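What follows is one structure encoded as structure tokens, with my remarks underneath.
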Amino acid sequence: MAQTLAYKILSEHLAAGKVAPGGESGIRIDQTLTQDATGTTAFLLFESMGVPRVKTDLSVSYIDHNMAQFGPENHNDHLYLQTVAARSGVYHSRAGNGICHQVHLERFGKPGATLLGSDSHTPTGGGLGMIAIGAGGLDVAVAMGGGLFYMTCPKVIGVKLTGKLPDWVAAKDVILKLLSILSTKGNVGWVVEYFGPGVENLTVPQRATITNMGAELGVTTSVFPSDEQTRKFLAAQKRPEDFRPLAADPDAEYERIIEIDLSTLEPMAACPSSPDNVKTVRQIAGTPVGQVVIGSCTNSSYTDLMTVAKVLKGRQADHMVELAVAPGSKEVLNMLAKNGAICDMISAGVRILESSCGPCIGQGFSPANDVVTLRTFNRNFAGRTGTPGDQAYLVSPETAVASALTGKITDPRELPQLFDIEYPRVTMPDEFLIDDSMIEKPLSPQQAEKVEVLRGPTIVVPDAPSPLPDDLTGQAIIKVGDKITTDHIMPAGGFLKLRSNVPEYAKVVFNCFNEEGKPSFAQRGLDLKNKGLAGIIVAGQSYGQGSSREHAALCPMYLGVRAVLAKSIERIHKANLINFCIVPLEFADPADYEKIDADDALEITGLTAAIADKDSITVANKTKDFQFQARLLLSTRDRDILLAGGKLNYTKKQADG
């Protein structure tokens, strides 16, 4: 039977269940990655499983998020991750070596392999022909211990690419076009697979830009075939042995096909404050710009930044524009330094930032009040920059650099007329400058046993959830709207350093909704918990968008939240809720959402009995004296995890036989 590429790779790795839309699939994981904002918790959970050494083909611990190091917390995390990696047989990419997705693409990704990462942009690896999936840290810890990754087998959207990108139009414009079609919600349970004659005209870095930002669609992952472009990239990375040609069968059938003619695209922008609020750059041209930041795991490759450097050479950024560039890896930074591109950018007024996530996760470079900031990043959720009421636009490097030169949003196709700039045709190098000196290789088991794992005082082992009660009596602790992101639930930026200490980090759950002079969400949650009542979060559509941060489930669990009742819940967050024994419920009739207010007393009788074998359950609103139905959209394994008291307890019970 003809297969899509996604199903081919899943079938090769299938160890339980089946590869069929809607069925449960348990797949073997070849590679894992963690980063320091999620990795500390992941490794603490891995240690608690009692597995001395990882059982994957390859696991990598990256330091790329918490780099500012204000106070001891970040460096405590770095030392813990460095030593626990050495103890556990894991590669360790040190601070300064680069962003996990860029480095993994360069040095570790393999066509046809499966990759599970505790970061939502792990699908970047799909640009190399991998099935690369973002997940919560506990799921990654289980995979490191040799466990399968279970998911509902996705349906496949085929995106047929034809033509070739015109000058000044970029890979970023391809994914922004797709976001304008599919939006950020309603795509749970799908994979995006690219095919067609236009694919061969896209390099691996361009493909990686598209698969990286595919995370904003809410799909499980995105994947490109592995072809001549893939072979050339791996050869240039001096990894020719990792190449493997892969493609869908010629007569493979897709659940849905979207056709995009690359030759008809034009520069696009995601306007404030959602990646799917897409307009053409022409529509918003002329808007004054005060800040431009180029980088992130989406657009910080060698070819991206060489394009920027060539445009800037011999020119100056507008004097009212603050311009910064963050190379994605040490490899990229070294190459730009060696060929003089860094000098050209600095001479143009660029501030060179560290090879890290930095401003993309709110770690510095926040724009001024009422200033438009253009970013080549993947997310522009409200306040993510660190500035309340921010005006952040997501654009390609070409649009970003054009706007930096003019001081206003500018279609880069105007640069030849404005500055007599020819389109800079940057070709992929035949050989990258390889320097793996900041990647520490796994030690032998004998050497690893001698390693002392360093645990600073700011690293706290998270509590395990308590078992669910048979009958849940609680309160709607908060009511929120549609498209609530994990940034809303657990703020990043300056709070990221608290991630290794759940009791401290839990104090800022839903911080953006806290009102001065009123009890915080955390206070209300702990008050209910101390009274023996459960906290219940009520939400609209696409609850839990964005980052894979499991703290958006772990910290509410610590505060006594036992259920989320929403119109719909995003894939990674739903899995994290189940892992930490918070019941994900969805309104059977979305109209019932309107009938509930914050502080309403809610009661669910027979909760554990319903989790065991029912697809719906009755919820009673005791305050307003009415009942309604909620759906329990759970696999058999999801039910077992909830009834076991969370995934860690479930995994231990499985190991004990």
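Each row is one residue, and each column tells you yes or no for (1) of a type outside the set (S, T, N, Q); (2) touching a Ser or Thr at 6+ places or on another chain (Cβ under 6 Å).
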site: THR124; (1), (2): no, yes
site: ASP139; (1), (2): yes, no
site: LEU148; (1), (2): yes, no
site: LYS160; (1), (2): yes, no
site: TRP168; (1), (2): yes, no
site: ALA208; (1), (2): yes, yes
site: THR211; (1), (2): no, yes
site: GLY214; (1), (2): yes, yes
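The set of residues in region 370-429 that are at pLDDT 95 or above, among the hydroxyl-bearing types (Ser, Thr, Tyr) and surrounded by fewer than 18 Cβ atoms within 10 Å (Cβ to Cβ) contains only TYR423. Each residue in region 333-391 was checked for being within 23 Å of LEU176 (Cβ to Cβ) and either touching a helix residue (DSSP H, G or I) at 6+ places or on another chain (Cβ under 6 Å) or among the aromatic types (Phe, Trp, Tyr) (or both), and 8 of them qualify. A count restricted to region 615-644 and to residues that are under 26 Å from the mean Cα position of the chain (by Cα) and closer than 22 Å to ALA141 by Cβ stands at 7. Here VAL502 meets each of (1) modelled with pLDDT of 95 or more; (2) more than 19 Å from the chain's Cα centre (by Cα) with one exception, condition (1). With respect to being small (Gly, Ala, Ser), more than 23 Å from LEU138 (Cα to Cα) and surrounded by fewer than 19 Cβ atoms within 10 Å (Cβ to Cβ), GLY532 fits the description. Looking across GLY198, GLY189, GLY158, GLY218, one residue alone is crowded, with 19+ Cβ neighbours inside 10 Å, within 19 Å of the chain's Cα centre (by Cα), in the same structural domain as ILE133 (by TED's automatic domain parsing) and in contact (Cβ under 8 Å) with a residue 60 or more places away in the chain. It is GLY218. For region 74-112, the set of residues classified as in contact with a strand residue (DSSP E or B) (Cβ under 7 Å, 6 or more places away or on another chain), buried (at least 24 other Cβ atoms within 10 Å of the Cβ) and assigned to a helix (DSSP H, G or I) consists of LEU81, ALA85, CYS100, GLN102, VAL103, HIS104, GLU106, listed by residue number. For the residues LYS177, LYS164, LYS185, the requirement of being in contact with a strand residue (DSSP E or B) (Cβ under 9 Å, 6 or more places away or on another chain) and in a loop (DSSP other than H, G, I, E, B) singles out LYS185. Annotation for region 353-366: at least one member residue is among the small types (Gly, Ala, Ser) and either more than 27 Å from ASP487 (Cβ to Cβ) or in a helix (DSSP H, G or I) (or both). When you check LYS614 against the structure, is it out of contact with any Ser or Thr (no Cβ under 6 Å at 6 or more places or on another chain), within 21 Å of ILE477 (Cα to Cα) and at pLDDT 95 or above, yes or no? Taking the combined requirement at face value, the residue does not satisfy it. Take LYS232 and decide whether it is over 27 Å from GLY22 (Cα atoms), touching a residue at least 40 places away in the same chain (Cβ under 8 Å), part of a helix (DSSP H, G or I) and not aromatic (Phe, Trp, Tyr). Yes, satisfied. Residue count for region 139-152 satisfying the condition of being in contact with a Gly (Cβ under 8 Å, 6 or more places away or on another chain) and surrounded by 24 or more Cβ atoms within 10 Å (Cβ to Cβ): 1. For the residues THR307, THR303, THR298, the requirement of being part of a loop (DSSP other than H, G, I, E, B) and not assigned by TED's automatic domain parsing to the domain that holds PRO166 singles out THR298.
The values are calculated or read from the model by the stated rules, or taken from the named source; none is laboratory data. All of these numbers come straight from a predicted model, not from anything done at the bench. Because the Cβ atoms are built from the backbone with ideal geometry, glycine has one as well, and the counts that use them run over all protein chains shown.
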